[in-house]
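Have a look at the structure below before the remarks.
The values are calculated or read from the model by the stated rules, or taken from the named source; none is laboratory data. Because the structure is a prediction, the values reported are computed rather than measured. Cβ placement follows ideal geometry from the backbone for every residue including glycine, while neighbour counts extend to all protein chains displayed.
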């Protein structure tokens, strides 16, 4: 971070953040936004909270911030129930099946016996996204959300049609992932 005089003022900074998020479909990390605007990461967290409060559809993911676009009319969203061990290789294979069929994995969720529904955004749409996600899990040694429910979890998928979702469900069933 440079000297204080290089710091971009709040409203201008938030406008720039919105512009950057709208100009890319790739996540931008809080650290990257902090460096670009010459403020601390904590200031960026506050800026994102202010932008969300003004109903800007910003999602914080494990890979950074993304601007959600409205789902296209021809895209469908469905939630599917899955089950597998906490083996990271199984997780990767499950997610590869989904993205290889052209789906975007919006999130993962569980039904916790005490806390109720808990979900985490994923926003994975390619093998590269899946690989980065699983590598990040491995590096941080973070447990999978599904470990709280012994492997049972849900994924929200977005795909081009109901037929694509059905193909994904069939492939997941054949590989032992689909909870039926």
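Observations, loosely collected:
- Any chance residue 161 is closer than 19 Å to residue 26 by Cα, outside the structural domain of residue 26 (by TED's automatic domain parsing) and surrounded by fewer than 13 Cβ atoms within 10 Å (Cβ to Cβ): no
- Only one entry in 97, 106 is more than 22 Å from residue 26 (Cβ to Cβ), surrounded by 13 or more Cβ atoms within 10 Å (Cβ to Cβ) and in contact (Cβ under 8 Å) with a residue 12 or more places away in the chain, namely 97.
- Some residue of the stretch 130-138 being assigned by TED's automatic domain parsing to the domain that holds residue 90 and over 16 Å from the mean Cα position of the chain (by Cα): yes
- Tabulated pairs, the stretch 139-150, first within 14 Å of residue 85 (Cβ to Cβ) and in the same structural domain as residue 81 (by TED's automatic domain parsing), second at pLDDT 90 or above and in a helix (DSSP H, G or I), C-beta under 7 angstrom, 6+ apart or interchain: 144/91
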